[in-house]
Amino acid sequence: MEGIEKPLQTKELTVSMGPQHPSTHGVLRLVLELDGETVVKCTPHVGYLHRGVEKLAEGMTYLQALPLSDRLDYISSMSNNVGYCLAVERLFGIEAPDRAKFIRTIVCEMTRISSHIIWVATHALDLGAMTVFLYSFREREWLLDLFEMLCGARLTVSYPRIGGVRNDVSQEFLDSLYKFTDEFPKRIEEYETLIDKNRIWLGRTKGIGVISAEEAINWGLSGPVLRGSGVDYDIRKRFPYDAYDRVDFDVPLGRNGDVYDRYRCRMEELRQSVRIIRQCIERLPRGPVMTPDAPKFTLPPKERVLADMESLIHHFVLITKGPMAAPEGEIYVATEVPKGELGFYIVSDGTGKPYRMRVRAPSFVHVSLLPRLCEGGLVADVVANIGTIDIVLGECDR
């Protein structure tokens, strides 16, 4: 009959987002239960990129396992290599020479800049700002060219070594990197000009994905995701390694703990990384780049391997068997990589292979935060929340 309104029938909708969704930047699947445009429940599913990295390492010597760390967060391989080398060095009680420590600090900060550049480019692209993506990849190419000049590889580098680094840096490399540090601060201003006053960017980041300092600590967050909530914790300051105790730098902090504050933290970290690199270049000491205390990890020079039988045998034994007398015990070493705290927990039974290796990856911890960030918010903000925690599924799934 006319004039009688029928009751509106509503029901919740379940949407499977991923595992092949552009905004997840990898194989991540989110099952979203929606009430209209509001996210009622968010369930992350990980494991699509699982390769058994930790178990693989247990069947390898300490030397052979180094390239596995490249494949964790594959856009920050230098930082991963340094974290793994530091853990093995402390297990064996050896220390890299000063020059190697400064070089490692330089390449770690270059990696931080490269990683943050990718983050701001793709995050802005996800939220509708495309131009910064094109600008920022210009500077990333410069850094990758420098990596190639240094070690011949651009992405999975395996440049740091247990006891130092593979080879010394050239003057051409240092000159080009110093020029980069001169020009890059102007590029950061360009990025900020493109998005800092963009009303859409501000509307989609301010007040979105808020998490308090207390919650951030309780969730075990680290890196810019933690510091965006105002928690002053940076492993480079609290537990310095390599040359971080010999350079001055600030730790940027946020106030509100939202997507925008985490963005500001990463942008300020770009400036601090430039500051660290310049100090390291200016104070770079002379000397060897491999410690003489680590003959079990130092491969003979390539020219000698090709011409001398003893060197060839030495090289073969080191690669295939590794050091046969590792100290028994266990050790956990954490480093501050671009995405947060990367830790290596190694148990040694005295053989040349790790009895157990466990990787504490920041992306795995941070992906568990997604239900807390997304539930109760709009479905459109899910993309912003995925981007703000800056995850890479290579280290999340391992």
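The values are calculated or read from the model by the stated rules, or taken from the named source; none is laboratory data. Just so it is clear, the model here is predicted, and its values are computed rather than measured. Reconstructed Cβ throughout: ideal geometry from the backbone, glycine too, with neighbour counts over all protein chains shown. The area values use the complete protein model at the heavy-atom level, side chains included, leaving out ligands, DNA and RNA. Shrake-Rupley method; radii C 1.70, N 1.55, O 1.52, S 1.80 Å.
Annotations for the structure displayed:
- Matching option when the condition is among the hydrophobic types (A, V, I, L, M, F, W, C), within 18 Å of Asp397 (Cα to Cα), at pLDDT 90 or above and open to solvent by 30 Å² or more (accessible area, probe 1.4 Å), among Leu56, Leu49: Leu56
- Exactly one residue among Asp293, Asp248 is modelled with pLDDT under 85 and more than 21 Å from the chain's Cα centre (by Cα), and that residue is Asp293.
- Subset tally (residues that are farther than 23 Å from Phe92 by Cβ and either crowded, with 20+ Cβ neighbours inside 10 Å or acidic (Asp, Glu) (or both)) for region 280-292: 2
- Checking Arg140 against (1) open to solvent by less than 70 Å² (accessible area, probe 1.4 Å); (2) out of contact with any Ser or Thr (no Cβ under 6 Å at 6 or more places or on another chain); (3) of a type outside the set (Asp, Glu), the condition it does not meet: (2)
- Single residue of region 244-275 satisfying the filter (among the hydrophobic types (A, V, I, L, M, F, W, C), in contact with an Asp or Glu (Cβ under 8 Å, 6 or more places away or on another chain) and not in a helix (DSSP H, G or I)) that is most open to solvent (accessible area, probe 1.4 Å): Leu253
- Test: Leu72 is touching a residue at least 60 places away in the same chain (Cβ under 8 Å), touching a Ser or Thr at 6+ places or on another chain (Cβ under 8 Å) and crowded, with 20+ Cβ neighbours inside 10 Å: no
- Residue that is farthest from Glu215 (Cα to Cα) [pool: residues in region 226-257 that are in contact (Cβ under 8 Å) with a residue 60 or more places away in the chain and among the β-branched types (Val, Ile, Thr)]: Val247
- Of the residues making up region 175-183, one or more are modelled with pLDDT of 90 or more, farther than 19 Å from Ile117 by Cβ and surrounded by fewer than 16 Cβ atoms within 10 Å (Cβ to Cβ).
- Looking only at region 365-380, residues that are more than 19 Å from Asp73 (Cβ to Cβ), assigned to a loop (DSSP other than H, G, I, E, B) and not acidic (Asp, Glu) come to 4 in all.
- Those helices (runs of 4 or more DSSP H) lying entirely in region 33-142 with at least 3 residues farther than 30 Å from Gly377 by Cβ and among the β-branched types (Val, Ile, Thr): 98-126
- Subset of region 21-46 [surrounded by fewer than 17 Cβ atoms within 10 Å (Cβ to Cβ) and under 30 Å from Met357 (Cβ atoms)]: Thr43, His45
- If the condition is being of a type in the set (Lys, Arg) and surrounded by fewer than 17 Cβ atoms within 10 Å (Cβ to Cβ), then region 195-210 contributes Lys197, Arg199, Lys206.
- Candidates Asp242, Asp250, Asp261, Asp234: the one that is touching a strand residue (DSSP E or B) at 6+ places or on another chain (Cβ under 8 Å) and not aromatic (Phe, Trp, Tyr) is Asp234.
- All of Glu109, Glu95, Glu89 fail the test of being open to solvent by less than 10 Å² (accessible area, probe 1.4 Å), touching a residue at least 24 places away in the same chain (Cβ under 8 Å) and under 14 Å from Val165 (Cβ atoms), apart from Glu89.
- Candidate set from region 381-398 (those that are assigned to a helix (DSSP H, G or I) and of a type outside the set (A, V, I, L, M, F, W, C)); member that is surrounded by the most Cβ atoms within 10 Å (Cβ to Cβ): Thr388
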